[in-house]
Amino acid sequence: MTASLSPVTVLLVVAAFVFAALPHLAAMPPWLALAIVGAAAWRAALAWFGMRQPNWLIRVLLTFGGLALVIVHYGTLWGRRAATVLLCVMIAAKLSETYRLRDARIVAALGYFLIATQFLFSQKLLLLGYLLAGCALVTAALIRIQRDADGAGAPERTHSLHVARDGALLMLLAVPFALVMFALFPRLASPLWGMPENALDGRTGLSDEMSPGNIANLYADDSPAFRVQFDGPPPPRSALYWRGPVLWRFDGRTWRRNFYSNRPPERVPRPGPGAFAYSVQLEPSERRWLFALDYPVRPPQDTRLSADFELIRRTPVTTLMSYNIISQPNFRDSVELLRTMRNIALQLPDGGNPRTHEHARKLRAQHPDDDRALIDAVLAWFNQDEFFYSLETAPLGRHGADEFLFDLKIGYCEYYASAFVVLMRAAGIPARIVTGYQGGYWQQSDDYLLVRQSDAHAWAEVWLEGRGWTRVDPTAAVSPARIREGARSALSDSRGWLNAEWLYQLRNQYDRLQNVWNRWVLGFDAQRQRNFLAGLGLDDLPPGARAALLTTLAALVLVPLALLLHAAARTRRRPDRLDRLWNRLRARLRRAGIHPLPGETALELAERSASSLANGHELITLAAKYSKLKYGPFRTEADIAGFGHESAAWRPQPLNPR
């Protein structure tokens, strides 16, 4: 008889597909995700209610309709997101014709690949649970399909929970082998493939331009930006300004980088007294910026140092990366300012912000020869007047600095930095904006600093004669708590229950686990593998010997696993006590020359054998008792023991030949 798929098997295959596709469904347009889930639910309903297979026209429409939806939304079939969405659509379409064992195996096996593709977009610790649960569910579906194949035409006897248990057991048994392969399998110095730009679905983060409101939007993002471990005591919180893009050019609303800044610095700092050595673990951002304290001594590998002391990587950061760096805060940047750079640092759009220009002239008249005194006067104005630090800001018009300084007087850090630099330039002081991050959360138990996207910040740098570029943070004058305690403390009521202390601490504790995962799993690269093998004294092994060691260890893991599986299978197939008693009786019949037939029931065997035995009626009685105990509604150990005594005393007595 040809094996067929049971309804429960189809439901399990559909469930495995939907679970494997969950992260992809969350990242695609809702209408497309609903279409995929709807197709899967329709196939499950067809199986559950025993409806017939849809005709070929419906299947063709599903396939090409799904293909058209992907092309309409993404405009292409290239790229990782479009390709994975297309895979989800095609599997959903394939479900409509999954009525054979072969088709079900294909759909279920593709679940493994679908799970693996999610790790092209994120490798967070939370996805480990998704990986294990998804693979266990797909394995259970494949086991169920195989049992359908083995039991073609037989009644359903396997409970779904048992199949799920078997799938989870196989996953657990594979863990030791996976650990051996993870630790010893040769690793490349770089990933086998690189993620292209925009592979991370437009992840938020700092960019190379800034408009009022850009950084304020990051405050709601509590995802980690990077983590820092210092070789010694960490610097004071007031020094935790993590330098990113430096912005010079202003069009009246948006600040952008200066193309002159791409050249290397004229001179670089040297490590010495006051320098900080630390390592940074940077999360993927799709940007080319690396972050460091002022001022980096030398750039990490594949990274260059710009004239503004920005760390710019050759390619975007699309995977978790770590780098070591030394910063020298006592360095003086650009003690002499070139005329070209001075002109750029003083440029302002014509006709803009007349009130700011007028105020700058008054300040200059009060402090004609002292730029530092003028700056201090502006900071005192910010501190003493009714200026407020808040996310509740209004959009600015053409004269944004005027509107902010004299009308609104409320805004986030980029509002203050932008207005301050406009005021400085209007007063004849070269100034620019620096964006990056400020502060961070110190994980006391693990000794590392967690810097989140919500710690994004903007400040100003002014050029002073004899001092060079000097940091001035107008936000510190308005809200000192922002610098001392972080944005969360300065804006404690801005996010409602999401800002609850218990939830904040829970995220901090989870990040400790994520940090361990990053360091020991995602960060286990070729260099760390060499260090690990060196610790075991195996770093000098030639490739052939290392391959032999890997094979041996894999065998040492696989052989016990195989024996364990075999023992478990034998235990599962071992008959219970009642069946063992009946099998012993059947063995006596075989020795007497009476052989049971395949598929023959106990009563059928007894009735067929009775005519050739003198005590055949006793055999029929024993077979009836066995059947009642085996298939009856109730039995006790005493009943089985009684049957055991009777069956043990019975011996086949052939009829005497006449």
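Structure above, values below:
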item	result
Qualifying residue in the range 317-329 (condition: crowded, with 20+ Cβ neighbours inside 10 Å, touching a residue at least 12 places away in the same chain (Cβ under 8 Å), assigned to a loop (DSSP other than H, G, I, E, B) and β-branched (Val, Ile, Thr))	yes
The range 514-531 - residue that is assigned to a helix (DSSP H, G or I) and among the aromatic types (Phe, Trp, Tyr) and, of those, least open to solvent (accessible area, probe 1.4 Å)	517
Sole exception among (1) crowded, with 24+ Cβ neighbours inside 10 Å; (2) touching a His at 6+ places or on another chain (Cβ under 8 Å); (3) in a helix (DSSP H, G or I) for residue 419, by number	(2)
Within the range 364-377, tally of residues that are surrounded by fewer than 19 Cβ atoms within 10 Å (Cβ to Cβ) and in a helix (DSSP H, G or I)	7
Considering residues of the range 43-58 that are free of Cβ contacts under 8 Å to residues at least 12 places away in the same chain and either on the phi > 0 side of the Ramachandran plot or not aliphatic (A, V, I, L, M) (or both) only, the residue least open to solvent (accessible area, probe 1.4 Å)	55
Number of positions in the range 59-104 that are surrounded by fewer than 17 Cβ atoms within 10 Å (Cβ to Cβ), within 19 Å of residue 121 (Cβ to Cβ) and among the β-branched types (Val, Ile, Thr)	1
Failed item, numbered, when residue 132 is tested on (1) modelled with pLDDT of 85 or more; (2) in contact with a helix residue (DSSP H, G or I) (Cβ under 8 Å, 6 or more places away or on another chain); (3) under 23 Å from residue 44 (Cβ atoms)	(3)
Residue match in the range 93-102 (condition: more than 17 Å from residue 18 (Cα to Cα), in contact with an Asp or Glu (Cβ under 8 Å, 6 or more places away or on another chain) and of a type in the set (A, V, I, L, M))	yes
Close pairs (9 angstrom Cβ cut-off, 6 or more residues apart or separate chains): more than 16 Å from residue 93 (Cβ to Cβ) and without any contact (Cβ under 8 Å) to a residue 60 or more places away in the chain in the range 107-125, in a helix (DSSP H, G or I) and open to solvent by 40 Å² or more (accessible area, probe 1.4 Å) anywhere	109/142; 116/131; 119/131
Scan of the range 379-395 for residues that are surrounded by 16 or more Cβ atoms within 10 Å (Cβ to Cβ), assigned to a helix (DSSP H, G or I) and of a type in the set (A, V, I, L, M), ordered by number	379
Index of the failed condition, residue 306 passing every other in (1) touching a residue at least 40 places away in the same chain (Cβ under 8 Å); (2) out of contact with any helix residue (DSSP H, G or I) (no Cβ under 7 Å at 6 or more places or on another chain)	(2)
Residue count for the range 473-487, restricted to those that are open to solvent by less than 20 Å² (accessible area, probe 1.4 Å), in a helix (DSSP H, G or I) and more than 15 Å from residue 421 (Cα to Cα)	3
Residue list for the range 233-260, restricted to those being farther than 25 Å from residue 275 by Cα, touching a residue at least 40 places away in the same chain (Cβ under 8 Å) and part of a helix (DSSP H, G or I)	260
Matching residues in the range 261-312 - criterion: being of a type in the set (Val, Ile, Thr) and assigned to a strand (DSSP E or B)	280, 303, 312
Output for the range 630-654, where each listed residue is hydroxyl-bearing (Ser, Thr, Tyr) and either open to solvent by 70 Å² or more (accessible area, probe 1.4 Å) or without any contact (Cβ under 8 Å) to a residue 12 or more places away in the chain (or both)	631, 636
Qualifying position, being in contact with a helix residue (DSSP H, G or I) (Cβ under 8 Å, 6 or more places away or on another chain), without any contact (Cβ under 8 Å) to a residue 24 or more places away in the chain and either more than 19 Å from residue 10 (Cβ to Cβ) or polar (S, T, N, Q) (or both), among 77, 61	77
Single residue of the range 193-226 satisfying the filter (open to solvent by less than 10 Å² (accessible area, probe 1.4 Å) and among the aromatic types (Phe, Trp, Tyr)) that is modelled with the highest pLDDT	226
Scope the range 398-416; condition part of a helix (DSSP H, G or I) and open to solvent by less than 40 Å² (accessible area, probe 1.4 Å); matching residues	400, 401, 402, 404, 405, 413, 414, 415, 416
Evaluation of residue 539 against (1) modelled with pLDDT under 70; (2) assigned to a helix (DSSP H, G or I) (one fails), failing number	(2)
Selection count where residues are aromatic (Phe, Trp, Tyr) and under 11 Å from the mean Cα position of the chain (by Cα), scope the range 92-135	3
Tabulated pairs, the range 368-384, first closer than 16 Å to residue 461 by Cβ, second surrounded by 14 or more Cβ atoms within 10 Å (Cβ to Cβ) and basic (Lys, Arg), C-beta under 7 angstrom, 6+ apart or interchain	374/364
Every residue from the range 455-472 that is in contact (Cβ under 8 Å) with a residue 12 or more places away in the chain and surrounded by fewer than 19 Cβ atoms within 10 Å (Cβ to Cβ)	464, 465, 466, 467, 468, 471
Residue within the range 437-447 that is within 19 Å of residue 390 (Cβ to Cβ) and open to solvent by 10 Å² or more (accessible area, probe 1.4 Å) present	no
Residue 167 being among the small types (Gly, Ala, Ser), modelled with pLDDT under 75 and open to solvent by less than 40 Å² (accessible area, probe 1.4 Å)	no
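The values are calculated or read from the model by the stated rules, or taken from the named source; none is laboratory data. Here the structure is a predicted model, which is why all the values come from computation and not from measurement. Using ideal geometry, Cβ is built from the backbone for each residue, glycine included, and neighbour counts are taken over all protein chains shown. Accessible surface is based on the protein model in full, side chains and every heavy atom, while ligands, DNA and RNA are left aside. Shrake-Rupley method; radii C 1.70, N 1.55, O 1.52, S 1.80 Å.
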